[in-house]
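Have a look at the structure below before the remarks.
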Amino acid sequence: MAPWKVLVVDDEEGIHGITRMIFRGYEFEQRPIELISAMNGTEAKDMLAQHPDIALVLLDVVMETDNAGLLLVEHIRNDLSNKDIRIVLRTGHPGYAPEAQVIVNYDINDYLSKAELSASRLLTSVVVALRSYRDIKSARQQAAANPEQPGNDNQLLESAAKQLHGQMQPILQQSQRLQQFDLNPVAKDLTSNLHAQHQRLHNSITLLSEISAPHQTDMIEPITLMDEVLHTFLPQSRRDGWLLDYSIDPQLPAQIKTDPAYLRQL
C-alpha cells in the first residue's frame, strides 16, 4: 500500500536523524511512513509542491527566521488552501511561540516542546494526526461519491469539529486549573483573560460539533445565563473598550425551558 507521507521541516540535521530512527520500520494501518526532509521554509514549499499527498508536517518554528515555521503554516492554510494536511509544531524555543497563543492564532493540530519530547509522545502525536487525516479524506471521498446525499457537509464539519474539541479540551482544563492558584492580582487577571479566551474558542468548537445533535432541555434563569456570558466576554470588552450591558424583556418568564449549554454557546 502507498505510504503515509510525513514532511519533517527542521534546520537541525540531528532532528531529522532522530526522527528517522524513531519511525524506522513503523507502520500505521499496514502502511509504512515515508519521511520527507526539508531544512527550511523554502525547501518545505518545494516538497509540498512535489508531494501534494503529504498527510502530516512535523514543523520547527525557529529556522532561517524566528517565525519561519509559522509563516509556513500560513502558506499551507492560506496560499495552498490546504485544510486537510495535519501540522504538528515542534519547537526548542517555546518563548518565540507560546503554546496557547500559537494554538489560538494558527491552524495547527498539535504543539510539542523538543525539550520534553519523548519517542512515545512523538509516535502518539503522529498516529493521532494520521488518523485525523484519514478521517477527513474518507469524509471527502464519501461526499464526492454521494454529492446529492444530504448531510455530507455537516458530517465533514462535525468530524473536523470533534478533532478540534479533543485538542482544545486539555488546554481549557489547564487554564481552568490556573484559576485555583493563589496568584498576585496581575497574574490572576492574566489567567482569567486567558481562560475566557479559551472558553469562547471551546464554545465555538462545541457548537460546530453539535449542529445536528439532540439537545437536552432544562429550566434556567435568563439573568444568570446572561451574567455568565458577560463574564466570558469581559476580557475582550476591557481590551477593545466595549461597554457591555443587557436588559431582559419583562414579558420573558423568570425561568425558561431550553438547553443551557447550547444557548450559552450561541
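Throughout, read-outs are computed from the coordinates displayed, never taken from laboratory work. For clarity, every value in this text was computed on a predicted model and none was experimentally measured. All Cβ positions, even for glycine, are placed from backbone atoms using ideal geometry, and neighbour counts span all protein chains on display.
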Each label sits 7 Å from Cα toward the beta-carbon; between ARG134 and ASP84 the label points are separated, in nm, by 1.5
Sorted largest first, the Cα spans of region 4-145 on the principal axes come out in Å as 45, 34, 28
Residue by residue through region 75-87, the couplings from Karplus 6.51 cos²θ - 1.76 cosθ + 1.60 with θ = phi - 60°, in Hz, x for Gly and Pro, are 4, 5, 6, 9, 5, 8, 6, 9, 9, 8, 4, 8, 10
Which of LYS45/LYS162; LYS5/LYS137; LYS45/LYS114; LYS162/LYS257 exceed 18 Å between C-alpha atoms? The answer is LYS45/LYS162; LYS45/LYS114; LYS162/LYS257
In degrees, nearest 10, the alpha-carbon axis of helix 222-240 is tilted away from the dominant principal axis of the alpha carbons of the chain by 50
Expressed in nanometres to one decimal, the distance between label points 7 Å along Cα→Cβ at HIS75 and LEU190 is 3.3
The answer for the longest stretch of the chain without any exposed trypsin sites (Lys or Arg not before Pro) (DSSP loop, at most 14 further Cβ atoms within 10 Å) is 84-266
Computed for the chain: size of charge dipole around the Cα centre, +1 on C-beta of each Lys and Arg, -1 on C-beta of each Asp and Glu, debye to nearest 20, value 500
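If contacts are Cα pairs under 8 angstrom and at least 6 residues apart, what is the relative contact order of the chain in percent?
12
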Across 10 Å bins beginning at 0, the whole-percent shares of Cα-Cα pair distances in region 216-266 come to 22, 48, 25, 5
Placing one equal point scatterer on each C-alpha of the chain and summing with Debye, one gets log10 I(q)/I(0) at q = 0.10, 0.13, 0.15, 0.17 Å⁻¹ equal to -0.64, -0.99, -1.19, -1.37
Calc'd 3J(HN,Hα), region 243-251, phi into Karplus 6.51 cos²θ - 1.76 cosθ + 1.60 (θ = phi - 60°), Hz, glycine/Pro = x, comes to 10, 9, 8, 8, 9, 9, 4, x, 7
Simple SL model, points at 7 angstrom along Cα→Cβ for ILE248 and SER113; separation in nm is 4.5
